[in-house]
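Chemist: First the structure, which I've put down as structure tokens, then a few questions once you've had a look.
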Protein chains: 10
Amino acid sequence: MITHRQQVTDMIISAKVLKSIKWTDVAKEIGLSKEWVTAACLGQMAFNKEQSEKIGQIFDLSDEAVAWLQIVPYKGSLPTSVPIDPLIYRWYEVVNVYGSTIKELIHEEFGDGIMSAIDFSMDIQREENPNGDRVNVVLSGKFLPYKTY
Amino acid sequence: MITHRQQVTDMIISAKVLKSIKWTDVAKEIGLSKEWVTAACLGQMAFNKEQSEKIGQIFDLSDEAVAWLQIVPYKGSLPTSVPIDPLIYRWYEVVNVYGSTIKELIHEEFGDGIMSAIDFSMDIQREENPNGDRVNVVLSGKFLPYKTY
Amino acid sequence: MITHRQQVTDMIISAKVLKSIKWTDVAKEIGLSKEWVTAACLGQMAFNKEQSEKIGQIFDLSDEAVAWLQIVPYKGSLPTSVPIDPLIYRWYEVVNVYGSTIKELIHEEFGDGIMSAIDFSMDIQREENPNGDRVNVVLSGKFLPYKTY
Amino acid sequence: MITHRQQVTDMIISAKVLKSIKWTDVAKEIGLSKEWVTAACLGQMAFNKEQSEKIGQIFDLSDEAVAWLQIVPYKGSLPTSVPIDPLIYRWYEVVNVYGSTIKELIHEEFGDGIMSAIDFSMDIQREENPNGDRVNVVLSGKFLPYKTY
Amino acid sequence: MITHRQQVTDMIISAKVLKSIKWTDVAKEIGLSKEWVTAACLGQMAFNKEQSEKIGQIFDLSDEAVAWLQIVPYKGSLPTSVPIDPLIYRWYEVVNVYGSTIKELIHEEFGDGIMSAIDFSMDIQREENPNGDRVNVVLSGKFLPYKTY
Amino acid sequence: MITHRQQVTDMIISAKVLKSIKWTDVAKEIGLSKEWVTAACLGQMAFNKEQSEKIGQIFDLSDEAVAWLQIVPYKGSLPTSVPIDPLIYRWYEVVNVYGSTIKELIHEEFGDGIMSAIDFSMDIQREENPNGDRVNVVLSGKFLPYKTY
Amino acid sequence: MITHRQQVTDMIISAKVLKSIKWTDVAKEIGLSKEWVTAACLGQMAFNKEQSEKIGQIFDLSDEAVAWLQIVPYKGSLPTSVPIDPLIYRWYEVVNVYGSTIKELIHEEFGDGIMSAIDFSMDIQREENPNGDRVNVVLSGKFLPYKTY
Amino acid sequence: MITHRQQVTDMIISAKVLKSIKWTDVAKEIGLSKEWVTAACLGQMAFNKEQSEKIGQIFDLSDEAVAWLQIVPYKGSLPTSVPIDPLIYRWYEVVNVYGSTIKELIHEEFGDGIMSAIDFSMDIQREENPNGDRVNVVLSGKFLPYKTY
Amino acid sequence: MITHRQQVTDMIISAKVLKSIKWTDVAKEIGLSKEWVTAACLGQMAFNKEQSEKIGQIFDLSDEAVAWLQIVPYKGSLPTSVPIDPLIYRWYEVVNVYGSTIKELIHEEFGDGIMSAIDFSMDIQREENPNGDRVNVVLSGKFLPYKTY
Amino acid sequence: MITHRQQVTDMIISAKVLKSIKWTDVAKEIGLSKEWVTAACLGQMAFNKEQSEKIGQIFDLSDEAVAWLQIVPYKGSLPTSVPIDPLIYRWYEVVNVYGSTIKELIHEEFGDGIMSAIDFSMDIQREENPNGDRVNVVLSGKFLPYKTY
């Protein structure tokens, strides 16, 4: 009996390790970006029926698991409120060190409001560099203004 | 007597509001990106002597305050470990929802290691869009591999 | 020297108590809802220039304070992450008891996405009732869908 | 052996996903609002005997599970004190940003006291809107005054 | 300039120590229970105009402070979420050790609902006892039932 | 194999739901107050041999479980340091709102010391009232003075 | 204006450093143990009138400060719930490592109950030892049994 | 498969309850103090080979469990950073109320340094007393000075 | 089914205890430092294919477990954010007591930047000493400067 | 009036910035290592009388401040339990990632016990390296064994 989406994520991860599946290949099968597809496999997005069935084939999931892939999950992928894994912590550090800067510059350009994390996309790329390759990440979020009422 | 860098940040903020100074103008005076200069004004980076003096003139700072601008600060710009301001929270949310995705995709591309938050730059731009303008942010960090020893 | 928006909020609160000003009267002067105007006075929204000057007259604020009213504040009006004031705690309790219900019902009706807290308005009214008057609150937020990319 | 109400909630959720049951249909069967019925299914309210038996039929529950549905549960539906799911977080954000405003306006209208979260109801509706549909939520709680003694 | 009710509480406490005032005497002057009056002096309840003026005379408060006594305060009298003072901790311990018992017995007698902390009174008395005097406390709170809707 | 007292509490709770046992009836069988007996069943007090055997009969417990009932438990019945169940939270709220008042009034009457939570008893009663029945709770704790040494 | 006992503790500490006063000498003047007297000076116990006046003379305190010494303080001498000073942390570590042992052995000897921290005394002595002198501390607390009722 | 020392502690506790074994008797068999032996059984110290085998016989442990008894455990016997069991809490309270006193008096006698929690022993004894027996505990720890370098 | 790297770590630890394997011997087999190999076995580093197979032979792991050893783990080896085991706590204490010193001295020597924890190695050695042997640890991390951009 | 050692640390830091003093020069004047002297200036160690006076001359401190330098401070140099400054965080990360490794290897070499953080020294050096200079830190702490008693 599956009672939490995390159980399906565990099945996906287990199959991925055993079968040496790559996220970029899964994304190509689904026909969407590697960022969205990986997030969905890791329990942060909901697949539609057709996508779920493809994922089920790739990772050998039961029908019950495939049904769960179409349910909107309780989102959040980190076990602690301050992440401790060094790679993820660096992102938390960026928010901590640059948080007030980001706030100032977006308000200076756009006024009061936020950069949406829902109408949002992310693209992660390798940039070759003689001093050591770099990870380049583009975040794109719609600006949503606060309005008076 | 100034005993913490925060006091200088407070002076800068206070002068900024009173004199309606813009961060992008400050950055042009200094000749560096708006992201780095704003972060430095907000107490996250250290200025060199020449830069400090220019900042002192722009914000009418005392010599003691200018001396403090050259001291490496205790970094971190957020008052709580989980930020509560809605704009900054959205960034925390991105780390929370996409954290495991970012980790998976960087490891898939680069192997074990991290994306540096030190050898790092950020660029925030407005992208015009008929459905509502977007905030586009490019993060660029050197990949640092874990090695065996 | 004013260095944080909270100082201006303190001035407003202090003047309000001394002069027995009512929020609903302030809202009428500004010509907007009592909910938005009170939130703005309490440091959660930014006033424009004209509104700020009216607020300055009502609460006898200095020019520096009036300048601060136009700055986008670091939002968040509660001193602790779990509120302890009994009235505000009841709202936190509603989120805690009904949180999963709200999530289920919005997803059932709209699919994956959120109810915006930015493109959002609130209206608080007294409902007369022979068993004891009731507080009726209408929350209205735009639905923002997660999309694939 | 069932030792916690959460186990029954898990059974209900699992059956719901497998059988594609909708909360609004469950509510119609029970003859009460979708908000109360969903909250009760999710372990926040107690059903009476007759309601429990209907719920048991809908979700194929054992007699033991049906008995548990009539027990007053330990309420609270969120896994962390600050919710991390984006949809539920937006509600927490509303309490955080508007908390002091709500407090001020209720006290201005009613004097010292609270808006009850017990003698309370909630109604969630879709409001069609050319700029994007909205989620409208009406919260209604009895005002309970503090009295001297 | 008074900006928080705590400042008035501080004035009351300071005067109380200097002038050796007793809470029971203050309560007699006001004509209400010692429990309510002490709580109000400590910033947990709002006085009416007449009561505030009497309190102002007793503790030599300024007019501004007297005005603040009539404002509904942000309630909560403890500096930490788990109290550390031994006397107050014992009460927290009672809630911790007997919390589930209280819940079970009230639900067994009344069904689902709560014991109100708003429509509530408290009476603290010394009970003489040859084995050592006892503190007897009577808590009385209206039962508020959860109802279906 | 039973390794924690909580397992026995789970068995008792499970049997109670299945067999619709009432705590007041259990208390009558044991011949002690409903408050103490419920607390003991819920793992907060230790039964003696004879009491344990009666409890074992009432709830159909194994010999091993009966042996555990005589072991002093690790006390504390709440899953979080700030309780989230609305009924139990109201008690926490009373400690929070009235904590400083209780401290002041006990010290005014008795001097420095505490009200014991060990040499302590509690009695919960329904008080009929035309405006809605009330929960009346009497707490009685020995006063323990701090002494010099 | 003194509004918290901590201010008096600060005055005592400041005078102690300036005048190189020793706690053991203060204790001799008062005629009580160095442990109790130091705790009282540090704001954990209340002095009587005569003792307060002596303390006032030793540390050159104002009459207002002397009045405060007779008020029962809000106890607790540590700034964080897990102490970080290495000397005090070692005591916390003892509670952590030996906590379950202490509980088991006291219950084995005395049955259910606690060792009082109110009817309690402490004696700290140097024990000379060729391998390095030792700190010997004797804690003595009355056993308080839980009783049935 | 045993993967954590806690599993062995659980086996020991389970056998102890079933067979009514006393810690003082275990200590006599091992030939060491009841404090050290109990702490070791509870997973805070490592036994040597001979001691482990005796413990294995007393509690009927498997060879794998006996092997685990010789592994240095991850120490710490409390489930929360602030203990909630009343008996153990009283010890935390002593550290909280007397912490600064202990620090002052050890530094006054010994200078800068700590009382070791490693080169440490503890002895718990019953002291008969007509006013109620007392728990006497002697803590002995080597003083370790901080030195300059 | 293996779903988390921790399960493999548990298998390794269990085999290590049963077969009395030493980390230094494992390191010799792998041909790398004992610090890196132990960290990798404990789930903090990823092995390559050849290393994983050797580890699998040493600890009798299944093929699935061996596959997991090559996956980059979610790093972090401590169960709580402030470690409670006395040995590990001493390291946390060093960071706490010397943290600001380390920061000052590295900045004085190198300017703004950090000491890398990725391009990092550690070497733990016994230093014989007539006053008691010492643990000597050499930490070596590349200095990474913050640069302007 | 100085009431906390932190005030003296603030004076030292303020003078250091204004007069561009280097820690290594201060250490040479005192004749001890730069690590110990910096830690002592930052309020983590106590100076003796002669050292304090030299420090007083270097930083122009008052006699009262010099007296405070000889008082054993409440140690701990970080504002939060998990440090957020990137340089100091890397050290916390090392403890987190390598904590269990350090524990395993010290126990394997020395048996049960700890590496002292009191009988401890630290030496920070620059190591020139063509791939970028490195920070080398040697930590040396006496091994303190747990013994049976």
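Chemist: Name the residues whose placed amide hydrogens come within less than 5 Å of the amide hydrogen of D:LYS147, ignoring near sequence neighbours (fewer than 5 apart) on the same chain.
Modeler: E:PHE120
Chemist: Next question, about the same structure. Once Lys and Arg get +1 and Asp and Glu get -1 on their Cβ, which of H:VAL138, H:ILE102, H:PRO79 lies farthest toward the positive end of the dipole of the range H:65-149?
Modeler: It is H:PRO79.
Chemist: Summing Lys, Arg as +1 and Asp, Glu as -1, what charge do residues with Cβ under 13 Å from the Cβ of H:LEU18 carry, H:LEU18 excluded?
Modeler: That sum, taken over residues with Cβ under 13 Å, equals -2.
Chemist: Also, quick follow-up: Which FRET efficiency, nearest 0.05, do E:SER62 and B:MET1 yield, Cβ-Cβ r, R0 45 Å?
Modeler: Result of the calculation: an efficiency of 0.90.
Chemist: Turning to a different aspect of this structure: Tell me, how many Å apart are the Cα centres for the range I:57-104 and for the range H:6-24?
Modeler: Using only Cα atoms to place each centre, the spacing works out to 31 Å.
Chemist: Moving to a separate point now. Hey, what's the per residue convex hull volume over the C-alpha atoms of the range E:5-68, in cubic angstrom?
Modeler: Each residue corresponds to 69 Å³ of Cα convex hull volume.
Chemist: Inside 10 Å of the C-beta atoms of H:11-20, what's the mean count of C-beta atoms belonging to other chains?
Modeler: Per residue, the average neighbour count from other chains is 4.
Chemist: Assign unit charges at the C-beta atoms only (+1 for Lys and Arg, -1 for Asp and Glu), then state the dipole size of the range H:86-145 relative to its Cα centre in Debye, rounded to the nearest 20.
Modeler: 180
Chemist: Cα-based Rg (one decimal) and Dmax (whole number) for the range A:5-149, in Å?
Modeler: Computed over the Cα atoms of the range A:5-149, radius of gyration and Dmax are 18.1, 56 Å.
Chemist: Could you work out the relative contact order of chain C, using alpha carbon pairs under 8 angstrom and six or more residues apart, expressed as a whole percent?
Modeler: Relative CO of chain C lands at 16 percent.
Chemist: Counting protein heavy atoms only and a 1.4 angstrom probe, how many square angstrom of accessible surface do chains D and E bury in total, to the nearest 100?
Modeler: Buried area (both sides, nearest 100 Å²): 2400 Å².
Chemist: Could you work out the local net charge near F:ASN48, counting Lys and Arg as +1, Asp and Glu as -1, over the other residues with Cβ closer than 13 Å to its Cβ?
Modeler: Net charge in that neighbourhood comes out at 0.
Chemist: Next question. From the phi of every residue in the range B:42-58, what ³J(HN,Hα) in whole Hz does the Karplus formula 6.51 cos²θ - 1.76 cosθ + 1.60 yield, where θ is phi - 60° and glycine or proline is x?
Modeler: 7, x, 10, 9, 9, 7, 8, 4, 5, 4, 4, 5, 4, 4, x, 5, 4
Chemist: Let me spell out the model: positive unit charges on the Cβ of Lys and Arg, negative unit charges on the Cβ of Asp and Glu, origin at the Cα centre of the protein assembly as shown. What dipole size does that give, in debye rounded to 20?
Modeler: For the protein assembly as shown, the charge dipole is close to 0 debye.
Chemist: How compact and how long is the protein assembly as shown, expressed as Rg and Dmax of its alpha-carbon atoms in Å?
Modeler: That works out to 32.4, 87 Å for Rg and Dmax.
Chemist: Kirkwood hydrodynamic radius, computed over distinct alpha-carbon pairs, for the range E:86-145: how many Å, to one decimal?
Modeler: 13.4
Chemist: If I take R0 = 60 Å and measure r between the Cβ atoms of B:GLU127 and F:ALA15 in this structure, what FRET efficiency does the formula 1/(1 + (r/R0)^6) give, to the nearest 0.05?
Modeler: 0.40
Chemist: List the pairs from E:LYS22/F:LYS142; D:LYS16/E:LYS142; B:LYS19/B:LYS54; B:LYS49/J:LYS22 whose alpha-carbon separation is above 27 Å, in the order I gave them.
Modeler: The pairs that break the limit, which is 27 Å between Cα atoms, are D:LYS16/E:LYS142.
Chemist: Also, quick follow-up: May I ask which residue of chain A has the beta-carbon nearest to the axis carrying chain A onto chain J, and at what distance in whole Å?
Modeler: Residue plus distance in Å, as requested: A:VAL82, 3.
Chemist: Going by alpha carbons, how many degrees (0 to 90, nearest 10) lie between the helix axis of A:5-19 and the longest principal axis of chain A?
Modeler: On a 0 to 90 degree scale, this one is about 70.
Chemist: Counting only protein heavy atoms and a 1.4 Å probe, tell me what percentage of the protein assembly as shown's accessible area is made up of carbon and sulfur.
Modeler: 50
Chemist: If you place +1 on the Cβ of every Lys and Arg and -1 on the Cβ of every Asp and Glu, how big does the dipole about the Cα centre of the range C:1-111 come out, in debye to the nearest 20?
Modeler: Here the range C:1-111 has a charge dipole of around 200 debye.
The values are calculated or read from the model by the stated rules, or taken from the named source; none is laboratory data. Since this is a predicted model, take the numbers as computed values, not measurements. Cβ sites come from the backbone with ideal geometry, for glycine too, and all protein chains shown count toward neighbours. Protein only, heavy atoms only, side chains kept; ligands, DNA and RNA dropped before computing areas. Shrake-Rupley method; radii C 1.70, N 1.55, O 1.52, S 1.80 Å.
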